[in-house]
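I have placed the structure first, in the form of structure tokens, so that the comments after it can refer back to it.
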Amino acid sequence: MFPLAPLVGVAGGLMGAALGDLTRARHLRSPQLTGTRDATMTDLNSVSAQGIRIVGRLGRITGGLAQFSGSLANTCTLADLKMNRFLNRADQWATATGLNGELPPPHRFAPTHIDPRSPLALDLTSGEITTVLWATGFRPDHSWLDIPVRDRTGHIRHDGGVVTGAPGLYILGLPVLRTRASTYIHGATDDTEAIVAHLHGFLRSSPARRRPQGTGSDGPRDSGVCLANGTAIPAGSSSVSD
């Protein structure tokens with residue numbers, strides 16, 4: 001808990017959504033988007049109405065002065081445009097598949113309101129700002145992985161957790177790996193089942209690529225490798241703990 005005093009929050013990142021069960025998605029609120037399980041809508045308009053001043057992307061801090069990019073209005077306009085395009089496509093799909101009678105009527109949100117007086121700079125030494133909250137996220141570091149499976153940005157190339165160009169190598173724990181649920185711990189269950197099924201098919205169809213990892217009562221055992229949150233584990237392990 002923070003005292004009720006001026007506060008600067010610096011946040012960055014992307015929110016992604018995978019549209020699976022449309023009926024369920026239309027009726028359930030996402031805690032990732034609302035911060036609560038009730039029907040409270042949380043967006044820039046609602047937080048602005050609570051007295052929070054939106055100032056945009058932080059460019060740099062120099063001499064105690066926080067400077068902002070000035071692109072806030074344009075960024076919000078483009079975000080509203082993309083959101084409405086997506087909603088239009090979702091509603092068109094629902095109509096085309098005969099789901100209109102099962103779903104609530106289409107709804108559109110009010111355009112994001114940006115105060116034209118939003119400052120381009122804040123003096124952090126003035127005493128008005130008492131707390132700075134950094135929520136800028138993080139990016140993975142796979143530089144230790146000495147095989148050619150990373151793209152130019154350093155991210156592992158994969159298709160739903162199946163690493164591209166490295167048969168038998170898999171990855172778990174990445175945000176939106178296969179669905180939106182992949183971002184959360186409980187989402188690893190479905191991802192693991194899908195990866196194990198792929199591994200099983202890979203081992204059965206590619207005997208020349210199999211490498212014995214031991215001997216059991218039924219003969220040699222085969223295994224792949226899975227990267228779970230940056231840790232290499234045998235894909236044949238019975239369980240993975242965070």
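Coordinate-derived values only; no laboratory data. In this text the structure is predicted, and so the values were computed from the model without any measurement. Positions of Cβ are generated from backbone atoms using ideal geometry, with glycine treated the same way; all protein chains shown enter the neighbour counts.
Structure summary
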read-out	value
Mean projection area, nm², convex hull over Cα of region 128-178	5.4 nm²
Nonlocal amide H pairs with residue 68, under 5 Å, H built at 1.01 Å	59, 121
Phi to ³J(HN,Hα) by Karplus 6.51 cos²θ - 1.76 cosθ + 1.60 over region 77-92, Hz, x for Gly, Pro	4, 5, 5, 4, 4, 5, 4, 5, 4, 5, 4, 4, 5, 5, 5, 5
Quarter of Cα convex hull surface for region 35-155, i.e. mean projection, nm²	13.2 nm²
Burial ranking of peptide ranges 144-153, 85-94, 171-180 (average Cβ count within 10 Å, highest at the top)	171-180, 85-94, 144-153
Region 130-182: relative contact order in percent, alpha carbon pairs under 8 Å with at least 6 residues between	20 percent
